[in-house]
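Structure record follows, encoded as C-alpha coordinates.
The values are calculated or read from the model by the stated rules, or taken from the named source; none is laboratory data. This is a predicted model, so every value here is computed, not measured. Backbone-built Cβ (ideal geometry, glycine too); neighbour counts: all protein chains shown. What goes into the accessible areas is simple: the full protein's heavy atoms, side chains included, and nothing from ligands, DNA or RNA. Shrake-Rupley method; radii C 1.70, N 1.55, O 1.52, S 1.80 Å.
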Amino acid sequence: MSLMRTNEARSFTPEPGMIRQVLAHSDALMLVRHYFEQGWVGERHSHPHHQLVYVVKGALHVNVAGEEFDVFTGDSFIVDGGVEHQASALEASEVLDVFTPVREDYRELVR
(Lines give C-alpha, C1' and ligand atoms only; values in the text may rest on other atoms or scores of the structure.)
Protein backbone atom coordinates (compact mmCIF):
# COMPACT_ATOMS: atom_id res chain seq x y z
CA MET A 1 0.00 0.00 0.00
CA SER A 2 1.12 3.56 -0.67
CA LEU A 3 -0.16 6.49 1.39
CA MET A 4 0.91 10.05 0.65
CA ARG A 5 -0.47 12.88 2.72
CA THR A 6 -0.61 16.28 1.02
CA ASN A 7 1.41 17.95 3.78
CA GLU A 8 4.18 15.33 3.31
CA ALA A 9 4.53 15.69 -0.48
CA ARG A 10 7.84 17.26 -1.49
CA SER A 11 7.79 19.89 -4.20
CA PHE A 12 10.28 20.05 -7.08
CA THR A 13 10.80 22.74 -9.73
CA PRO A 14 12.12 20.81 -12.74
CA GLU A 15 11.76 23.85 -15.01
CA PRO A 16 10.68 27.49 -14.65
CA GLY A 17 6.93 27.90 -14.23
CA MET A 18 6.29 24.31 -13.07
CA ILE A 19 6.07 22.71 -9.64
CA ARG A 20 5.91 18.88 -9.41
CA GLN A 21 4.78 16.72 -6.49
CA VAL A 22 5.14 12.95 -6.68
CA LEU A 23 2.19 11.51 -4.76
CA ALA A 24 1.11 7.91 -4.08
CA HIS A 25 2.69 5.28 -6.31
CA SER A 26 3.43 1.59 -6.70
CA ASP A 27 5.53 -0.36 -9.19
CA ALA A 28 2.67 -0.19 -11.70
CA LEU A 29 1.01 3.20 -11.12
CA MET A 30 1.99 6.76 -10.11
CA LEU A 31 0.01 9.90 -9.25
CA VAL A 32 1.76 13.24 -9.83
CA ARG A 33 0.45 16.76 -9.21
CA HIS A 34 1.71 19.64 -11.35
CA TYR A 35 1.20 23.35 -10.86
CA PHE A 36 1.82 25.54 -13.91
CA GLU A 37 2.18 29.31 -14.02
CA GLN A 38 0.28 31.10 -16.76
CA GLY A 39 2.48 31.21 -19.85
CA TRP A 40 4.47 28.07 -19.02
CA VAL A 41 5.41 26.12 -22.14
CA GLY A 42 6.56 22.52 -21.74
CA GLU A 43 9.07 20.75 -23.93
CA ARG A 44 7.73 18.51 -26.69
CA HIS A 45 8.55 14.98 -25.53
CA SER A 46 7.51 11.35 -25.33
CA HIS A 47 7.99 8.57 -22.80
CA PRO A 48 7.05 4.89 -22.66
CA HIS A 49 4.45 5.49 -19.91
CA HIS A 50 0.74 5.83 -20.56
CA GLN A 51 -0.44 9.12 -19.04
CA LEU A 52 -3.92 10.11 -17.90
CA VAL A 53 -4.28 13.88 -17.37
CA TYR A 54 -6.99 15.56 -15.27
CA VAL A 55 -7.22 19.36 -15.05
CA VAL A 56 -8.10 20.20 -11.45
CA LYS A 57 -8.20 23.91 -12.25
CA GLY A 58 -7.03 26.20 -15.01
CA ALA A 59 -6.59 25.75 -18.74
CA LEU A 60 -3.96 24.16 -20.99
CA HIS A 61 -3.25 24.12 -24.69
CA VAL A 62 -2.15 20.61 -25.69
CA ASN A 63 -0.59 19.02 -28.74
CA VAL A 64 -0.71 15.21 -28.89
CA ALA A 65 0.80 13.67 -32.02
CA GLY A 66 0.02 16.84 -33.98
CA GLU A 67 -3.59 17.13 -32.77
CA GLU A 68 -4.08 20.43 -30.90
CA PHE A 69 -6.83 21.15 -28.38
CA ASP A 70 -7.54 23.13 -25.22
CA VAL A 71 -8.58 21.58 -21.91
CA PHE A 72 -10.20 23.31 -18.96
CA THR A 73 -11.13 22.63 -15.32
CA GLY A 74 -12.67 19.15 -15.08
CA ASP A 75 -11.43 17.93 -18.47
CA SER A 76 -9.27 14.85 -18.89
CA PHE A 77 -7.41 13.04 -21.66
CA ILE A 78 -4.99 10.16 -22.19
CA VAL A 79 -1.62 10.13 -23.94
CA ASP A 80 -0.48 6.64 -24.90
CA GLY A 81 3.10 5.64 -24.21
CA GLY A 82 5.57 6.56 -26.93
CA VAL A 83 3.38 9.37 -28.35
CA GLU A 84 4.98 12.81 -28.67
CA HIS A 85 3.13 15.54 -26.78
CA GLN A 86 3.45 19.08 -25.45
CA ALA A 87 1.40 21.38 -23.23
CA SER A 88 1.33 25.06 -22.31
CA ALA A 89 -0.60 26.88 -19.59
CA LEU A 90 -3.23 29.32 -20.84
CA GLU A 91 -3.75 30.32 -17.20
CA ALA A 92 -2.40 29.25 -13.82
CA SER A 93 -3.28 25.55 -13.59
CA GLU A 94 -3.25 22.52 -11.33
CA VAL A 95 -3.11 19.14 -13.07
CA LEU A 96 -3.09 15.53 -11.86
CA ASP A 97 -1.18 13.02 -13.98
CA VAL A 98 -1.47 9.26 -13.59
CA PHE A 99 1.35 7.23 -15.15
CA THR A 100 1.60 3.52 -15.79
CA PRO A 101 3.98 1.91 -15.30
CA VAL A 102 5.57 3.98 -12.55
CA ARG A 103 8.04 6.65 -13.70
CA GLU A 104 11.34 5.62 -12.18
CA ASP A 105 12.82 9.05 -13.00
CA TYR A 106 10.18 10.66 -10.77
CA ARG A 107 10.34 7.99 -8.06
CA GLU A 108 14.07 8.72 -7.70
CA LEU A 109 13.09 12.22 -6.56
CA VAL A 110 11.33 10.93 -3.43
CA ARG A 111 13.64 8.15 -2.31
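Looking across Asp75, Asp70, Asp80, one residue alone is open to solvent by less than 60 Å² (accessible area, probe 1.4 Å) and of a type in the set (D, E, K, R). It is Asp75. Can you name the residue in the stretch 92-111 that is assigned to a strand (DSSP E or B) and out of contact with any Leu (no Cβ under 9 Å at 6 or more places or on another chain) and is also farthest from Ala24 (Cα to Cα) among such residues? The qualifying residue farthest from Ala24 (Cα to Cα) is Ala92.
In the stretch 95-111, the residues that are farther than 19 Å from Arg5 by Cβ and without any contact (Cβ under 8 Å) to a residue 60 or more places away in the chain form no Cβ pair under 7 Å with any partner that is open to solvent by 60 Å² or more (accessible area, probe 1.4 Å) and not in a loop (DSSP other than H, G, I, E, B), whether six or more places apart or across chains. Quick one: would you say Ala59 is closer than 20 Å to Phe12 by Cα, modelled with pLDDT of 95 or more and surrounded by 14 or more Cβ atoms within 10 Å (Cβ to Cβ)? No; evaluated as a whole, the condition is false for this residue.
Within the bounds of the stretch 20-34, is there any residue that is more than 14 Å from Thr100 (Cα to Cα) and open to solvent by 100 Å² or more (accessible area, probe 1.4 Å)?
Just the residues of the stretch 20-34 that are more than 14 Å from Thr100 (Cα to Cα), to begin with: 20-21, 33-34.
With the extra rule that they be open to solvent by 100 Å² or more (accessible area, probe 1.4 Å), the set shrinks to none.
No, the stretch 20-34 contains no residue that is more than 14 Å from Thr100 (Cα to Cα) and open to solvent by 100 Å² or more (accessible area, probe 1.4 Å).
Quick one: Glu68 ticks every box in (1) assigned to a strand (DSSP E or B); (2) charged (D, E, K, R); (3) within 29 Å of Leu3 (Cβ to Cβ) bar one, so which box is it? The single condition Glu68 does not satisfy is (3).
For beta carbons closer than 8 Å, sequence separation of 6+ or different chains, a first residue in the stretch 13-32 that is under 20 Å from Val55 (Cβ atoms) and a second that is open to solvent by 20 Å² or more (accessible area, probe 1.4 Å) and of a type in the set (Asp, Glu), the qualifying pairs are Glu15/Glu43; Gly17/Glu37; Met18/Glu37.
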